[in-house]
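Read the figures in this text as sums done on the coordinates, not as results from a lab. Just so it is clear, the structure is predicted and the values come from calculations on it, not from any experiment. In this analysis, Cβ positions are derived from the backbone assuming ideal geometry, glycine residues included, and neighbour counts consider all displayed protein chains.
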Amino acid sequence: MGSRPGQEGPVERRLRERVEAAGGWCLKFTARAGVPDRVVVLGGRVLFVEAKRPQGGTLSKLQRVWHARLRRAGGGEDVVRVVSTVEMSDDLVDELLRPKERPCRTTNSSSRTPTGRRGAAAPTTTST
């Protein structure tokens, strides 16, 4: 869709400006109809972002199909986002800049042996 004042333009522009100011990429994606407007790379994450006009902007059937395809391709539920206000763009960038919660590791450095290997203990010598 074209960028007309009061429609997608300001939302998409704000997203691009904020992402780039934070050192990320906000690439315009125009490969085919229905594919999200932007690919955002920021904070160690890659997202597809659809910008809609602030009032009355809805996803087309083809957009819904593409969003589902992207999710099924392994991106999970959060891989595609829709923003329809400047505030939503700001919130998305703020979210991407927050440190991600990392899953707990089942093994930590304290479980390593003196040789640095996990598992078997390091050989020991005894004096007699």
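Residues of region 76-92 that are without any contact (Cβ under 8 Å) to a residue 24 or more places away in the chain and in a helix (DSSP H, G or I): Glu77, Glu87, Asp91. Here is the figure for region 7-53: residues that are in a strand (DSSP E or B) and either touching a Gly at 6+ places or on another chain (Cβ under 7 Å) or not basic (Lys, Arg) (or both) total 13. The combined condition, being charged (D, E, K, R) and over 17 Å from Leu96 (Cβ atoms), is not fulfilled by Arg38. If the condition is being crowded, with 20+ Cβ neighbours inside 10 Å and over 12 Å from Ser89 (Cβ atoms), then region 25-41 contributes only Pro36.
Reported count of residues in region 42-63, each being farther than 20 Å from Pro99 by Cα, surrounded by fewer than 14 Cβ atoms within 10 Å (Cβ to Cβ) and of a type outside the set (Ser, Thr, Tyr), is 4.
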